[in-house]
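Heads up, the thing below is written out as structure tokens.
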Amino acid sequence: MRALITGIDGFAGRHLAALLAARGHAVHGLARRAVASPAGATVHPADVTDADAVARAVAAAAPERCFHLAGIASVPAAIADPSLALRVNALGTQHLLAAVARHAPAARVIVIGSGDAYGAVPAAALPVREAQPLQPRSPYGASKAAAEIIAGQWERGGGLDVVCVRAFNHTGPGQRAGFVCADFARQLVAIAAGTLPPRVAVGDLSPVRDFSDVRDVVAAYVAIAERGARGAVYNVCSGVGRSVREVLDALIGLVGVPVEVTVDTTRLRPADVPALVGDASALHAATGWAPRIAWEQTLADLIASLR
């Protein structure tokens, strides 16, 4: 199989490239700038906001499967520049699907959205299933909901084989700072090494989120590409809710350093969602996928990658 991964140089993109290469697939990637080829992939430099560049990359890759991961992935970054988030996440999706329609119309496209698009789900509706209306509260969630609407239009009216994903929080080895698990882990590893004082800066520790291992998540993307239903939408999640406080406590225990926890008001988010936990039963029924990596192993591997 010839696969094209947009955002191949990102966190999930690198893991997905490694998985596909290990399974013997020919891997091509689209990246905004020239990068070292993850897992021996052929990388085509292109910014998803540049329709002509995306079209050239798709034509060169001639994919049978396309995994659309490129985008603004950070909620704070989208809050800081909502217009950029819309251009990259929504317009970038439009550019990719138009290029596929022109140069690889038989390809299946997996459009990676976010559970953040659900917004504030009533407690009685948790864990949330795919039929729940999208009511995003953040610019990031809105941009991902817009991308999903565009993807659905191309499937229904444009004749493309498109499947949409709502991925919930994921972490694991190689995640960069700016995401809660990696941010806490980096601070703790630096404290253990003696390069930071024994204080961890945090935001609100009360929100409950559904965290998965990135390696399980990219395995779900491949399962969807192979066995998912055209036009369907699938949650990719663990189904387990953990508070941010629980995540911090687990990381402190694994690193083994005494610390003082201090609230940094710059880390607090407006209109944050109190709890968001997903239901992946539709994905399991369609593909047989289920999480395999224990949460404690995920955090241990994250810490090891930072050391």
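Taking every pair of Cα atoms in the range 168-307, average 1/r, invert it to obtain the Kirkwood radius, and report Rg/Rh to two decimals.
Numbers: Rg = 16.4 Å, Rh = 16.1 Å.
We get a ratio of 1.02 for the range 168-307.
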Given the whole protein assembly as supplied and a 1.4 Å probe, what does the accessible area of His284 come to in Å², nearest 10?
100 Å²
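Quickly estimate the mean residue ellipticity at 222 nm for the chain, helices only: each DSSP H run with n ≥ 4 gives -39500 (n - 2.57), and the total goes over all residues, rounded to 500.
Values: 11 runs with 123 residues, N = 307.
Dividing the helical sum by the residues of the chain leaves -12000 deg cm²/dmol.
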Length-normalised contact order for the range 209-307 - Cα pairs under 8 Å, 6+ apart - percent:
47 percent
Size of charge dipole - the chain - debye, nearest 20, with Cβ of Lys, Arg +1 and Asp, Glu -1, no other charges:
480 debye
Paramagnetic reach from Ala232 in the range 103-123 [backbone N under 19 Å; point 7 Å along Cα→Cβ]
107-115
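More than 23 angstrom separation, counting every C-alpha pair in the chain; what % is that? Write out the running numbers ahead of the final one.
On the way: 25822 of 46971 pairs.
More than 23 Å apart: 55 percent of the Cα pairs in the chain.
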In the range 220-289, if every C-alpha pair distance is counted and binned at 5 Å from zero, what percent goes to each bin?
3, 13, 16, 14, 13, 13, 12, 9, 6, 2, 0
Whole angstrom only: what separates the Cα centroid of the range 220-296 from the Cα centroid of the range 53-85?
22 Å
Can you give the FRET efficiency for Leu84 and Glu296, using 1/(1 + (r/R0)^6), R0 = 35 Å, r = Cβ-Cβ distance, to the nearest 0.05?
0.45
In Å and whole numbers, how far do the C-alpha atoms of the range 1-146 stretch along each principal axis, longest first?
45, 31, 28
Report, in degrees rounded to the nearest 10, the 0 to 90 angle that the Cα long axis of helix 92-103 makes with the longest principal axis of the chain.
30 degrees
Among Ala250, Ala34, Val88, which residue has its Cα furthest toward the positive end of the charge dipole of the chain, with +1 on Lys/Arg Cβ and -1 on Asp/Glu Cβ?
Ala34
To the nearest 20 debye, what is the magnitude of the charge dipole of the range 127-235 about its Cα centre, counting +1 on the Cβ of each Lys and Arg and -1 on the Cβ of each Asp and Glu?
160 debye
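Taking 0.36 nm per intervening residue step and subtracting the Cα-Cα distance, what contour gain separates Arg129 from Asp52 on full extension?
Details: separation 77, 0.36 × 77 = 27.72 nm, distance 3.68 nm.
Extending this stretch completely gives an extra 24.0 nm.
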Whole-number accessible area per residue in Å² for the range 52-126, which is evaluated in the context of all protein chains at 1.4 Å:
37 Å²
The long-range amide H neighbours of Val202, using H built 1.01 Å from N in the peptide plane and a cut-off of under 5 Å, are Thr262, Val263, Asp264
Using a probe radius of 1.4 Å on heavy atoms only, what accessible surface per residue do you get for the range 173-307? Whole Å² is fine.
44 Å²
Report, to the nearest 10°, how far helix 139-157 tilts away from the longest principal axis of the Cα atoms in the chain, using its own Cα long axis and a range of 0 to 90°.
20 degrees
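The values are calculated or read from the model by the stated rules, or taken from the named source; none is laboratory data. Predicted model only: the values in this text are computed from it and were never measured. Every residue, glycine among them, receives a Cβ derived from its backbone with ideal geometry; neighbour counts consider all protein chains shown. Heads up: the accessible areas ignore ligands, DNA and RNA and are worked out on the full protein's heavy atoms, side chains in. Shrake-Rupley method; radii C 1.70, N 1.55, O 1.52, S 1.80 Å.
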